[in-house]
Amino acid sequence: MQRALDDAFNLQCVSSVEEAREFLDAFIPDLLISEVVLGQENGLDLCRYIRDTPGMRHIPIMLLTSLSTLSDKVAGFAAGTDDYVVKPFDAHHLQARIRLLFRIKRLESRLHV
C-alpha cells in the first residue's frame with residue numbers, strides 16, 4: 001500500500017488498533033485506511049471506535065482487506081466504513097477511490113457550514 005500511495009499522498013502508518021487509537025488521539029487524519037484483520041482487535045473495531053467518538057465521526061474510512069465475501073463487506077459497512085476495497089488492488093483504482101472519498105468529504109463539509 002505504501003508503494004501504491006506514497007507518491008500521491010502523505011502517509012502515516014501504524015501496526016495495530018491500539019497504535020491507531022493513540023495516533024488518532026493526537027492527530028486527526030484526512031482519511032483512515034485499515035485492514036480488517038489486525039490481531040485480536042480488527043479494523044471493524046477501529047471503525048466503530050471512530051464512529052462512536054464525536055471528534056472523529058467525520059473521518060472517511062476505507063477498509064482494504066482480503067476478506068471478500070458479501071457478509072464481510074456488509075459487516076464493514078455496518079461497522080462504519082465508507083468504502084471497502086478487496087485485495088489484491090490496482091494502485092490507480094485505489095488512488096481514484098481515495099480521491100472520491102476526499103471529494104465526498106468536501107461536499108459534506110459544504111453542506112454542514
Q) Looking at (1) more than 16 Å from SER16 (Cβ to Cβ); (2) among the polar types (S, T, N, Q); (3) touching a strand residue (DSSP E or B) at 6+ places or on another chain (Cβ under 8 Å); (4) touching a residue at least 24 places away in the same chain (Cβ under 8 Å), which is the only condition SER68 fails? A) (4)
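Looking at the structure I just gave you, is TYR84 crowded, with 19+ Cβ neighbours inside 10 Å, outside any loop (DSSP other than H, G, I, E, B) and not hydrophobic (A, V, I, L, M, F, W, C)?
Here the answer is yes, as TYR84 does meet what is asked.
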Q) Just checking, which of LEU94, LEU64, LEU46 is in a helix (DSSP H, G or I), in contact with a Ser or Thr (Cβ under 8 Å, 6 or more places away or on another chain) and surrounded by 15 or more Cβ atoms within 10 Å (Cβ to Cβ)? A) LEU46
Q.
For the structure I just gave you, tell me whether ALA75 is closer than 26 Å to SER109 by Cα, free of Cβ contacts under 8 Å to residues at least 40 places away in the same chain, surrounded by 12 or more Cβ atoms within 10 Å (Cβ to Cβ) and within 15 Å of the chain's Cα centre (by Cα).
A. no
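Please verify whether ASP52 is within 24 Å of ARG21 (Cα to Cα), loosely packed, with under 11 Cβ neighbours inside 10 Å and of a type in the set (D, E, K, R), treating the condition exactly as stated. Please lay out each step first, then the result.
Working: within 24 Å of ARG21 (Cα to Cα): yes; loosely packed, with under 11 Cβ neighbours inside 10 Å: yes; of a type in the set (D, E, K, R): yes.
Yes; evaluated as a whole, the condition is true for this residue.
Could you tell me which residue of region 27-43 is farthest from ALA8 (Cα to Cα), considering only residues that are assigned to a loop (DSSP other than H, G, I, E, B) and of a type in the set (Asp, Glu)? Break it down stepwise before answering.
Of the residues in region 27-43, the ones assigned to a loop (DSSP other than H, G, I, E, B) are 27-31, 35-36, 39-40.
Still in the list and also of a type in the set (Asp, Glu): 30, 35.
Numbers: ASP30: 14, GLU35: 20 Å.
The selected residue is GLU35.
Every read-out reported here was derived from the displayed coordinates using simple, explicitly stated rules and does not represent laboratory data. These figures come from a predicted structure and were not determined experimentally. Every residue, glycine as well, gets a Cβ built from its backbone with ideal geometry; the counts of neighbours run over all protein chains shown.
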